[in-house]
Amino acid sequence: ASLKYFLTQALASATLLFSIIFTALTFSMIHSLLISNLFLNTLINSSLLLKMGAAPFHFWFPGVMEGLTWNNGLILMTWQKIAPLILL
C-alpha cells in the first residue's frame, strides 16, 4: 500500500511540476496558443485531483486505505486533501 501511495504521489507531483514550469515558459512567450493553455490547465487540475484521490482519479485510494490504521486513514482522508484543494 505504501509503494502504491508513493508512486502515485510521485507521478502526480512530477506532472504538476512539469505543467507549472511549462506554463511559466509559454506564458512568457508572446504567441502562446489558447489550446496549449487549456491543455496545461487541464494537466494541472488532473494532477491535483490525482493527489487528492478525487474521482475520476481515485483508482489508487481504496487500495491504500485498506492497508492503513484508523489514525493514518484519518490523516489520509482529511489533512492530505487540504493543500491540493486550496490550489484548485
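The values are calculated or read from the model by the stated rules, or taken from the named source; none is laboratory data. A quick note: this is a predicted structure, and the numbers were derived from the prediction, not measured. We place every Cβ from the backbone using ideal geometry, glycine too, and count neighbours over all the protein chains shown.
General remarks:
- Within the range 39-61, the only residue that satisfies the criterion of being touching a Phe, Trp or Tyr at 6+ places or on another chain (Cβ under 6 Å) and of a type in the set (Gly, Ala, Ser) is GLY53.
- Long-range neighbours under 6 Å by Cβ, at least six apart or interchain, first residue within 13 Å of MET52 (Cα to Cα) within the range 6-19, second part of a helix (DSSP H, G or I) and of a type in the set (Lys, Arg): ALA12/LYS51
- With respect to the conditions (1) at pLDDT below 90; (2) more than 18 Å from LEU88 (Cα to Cα); (3) loosely packed, with under 11 Cβ neighbours inside 10 Å, LEU38 falls short on a single one, namely (2).
- Matching residues, the range 64-75, being closer than 15 Å to GLN9 by Cβ and either modelled with pLDDT under 85 or touching a helix residue (DSSP H, G or I) at 6+ places or on another chain (Cβ under 6 Å) (or both): VAL64, MET65
- For the range 53-64, taking the residues that are under 14 Å from LYS4 (Cα atoms) and without any contact (Cβ under 8 Å) to a residue 60 or more places away in the chain, the one that is surrounded by the fewest Cβ atoms within 10 Å (Cβ to Cβ) is identified as PRO62.
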